[in-house]
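Input: a single structure, listed below in structure tokens.
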Amino acid sequence: MATTAKEEMARFWEKNTKSNRPLSPHVTIYKWSLPMVMSITHRGTGVTLSLGVSLFSLAALLLPEQFPHYLAMVKSLSLGPALIYSAKFALAFPLSYHTWNGIRHLV
């Protein structure tokens, strides 16, 4: 007579409880290292760039005016230099980091 999945799982957990086996390790047990942080940042910048390009292209397709119109609107806001440079950094950092980290990985 075959056992059910519920019975198999109960037998599995009973055996693990009796033998005091540790549970699978989780991210919280690992000590953070530079390569780990670089890998996570590389993946994050890749997702960010992918979403940014997708949203920009979708906006280019759906918005009624051409790009110079929207650029003039942003210029008319008279934003301060600190905000402008922060926005430029926010756009340039993911691209440059992802590119250089990818080249480092290939080398």
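The values are calculated or read from the model by the stated rules, or taken from the named source; none is laboratory data. This one's a predicted model, so the numbers in the text were calculated from it and none came from an experiment. Because the Cβ atoms are built from the backbone with ideal geometry, glycine has one as well, and the counts that use them run over all protein chains shown. These accessible areas exclude ligands, DNA and RNA; they are computed on the full protein's heavy atoms, side chains included. Shrake-Rupley method; radii C 1.70, N 1.55, O 1.52, S 1.80 Å.
For this structure, a couple of remarks:
- Computed with every protein chain present, the accessible area of residue 107 is close to 150 Å² [probe 1.4 Å].
- Positive contributions from Lys and Arg (+1) and negative ones from Asp and Glu (-1), summed over other residues with Cβ under 14 Å from the Cβ of residue 12, come out at +2.
- Accessible heavy-atom area order of 75, 15, 6, highest first, probe of 1.4 Å: 6, 75, 15
- Cα point-scatterer Debye curve for the chain, base-10 log of I(q)/I(0) at q = 0.11, 0.13, 0.23, 0.24 Å⁻¹: -0.67, -0.77, -1.26, -1.30
- Taking all protein chains together and a 1.4 Å probe, the residues 36, 73 rank 73, 36 from largest to smallest accessible area.
- Projecting the Cα atoms of 73, 34, 96 onto the charge dipole of the chain (Cβ charges, centred on the Cα centre) puts 34 farthest toward the positive pole.
- Only Lys, Arg (+1) and Asp, Glu (-1) charged, at Cβ; the chain dipole about Cα centre in debye: 420 debye
- Peptides 82-91, 59-68 ordered by packing proxy, namely the average of other Cβ atoms within 10 Å per residue, highest first: 82-91, 59-68.
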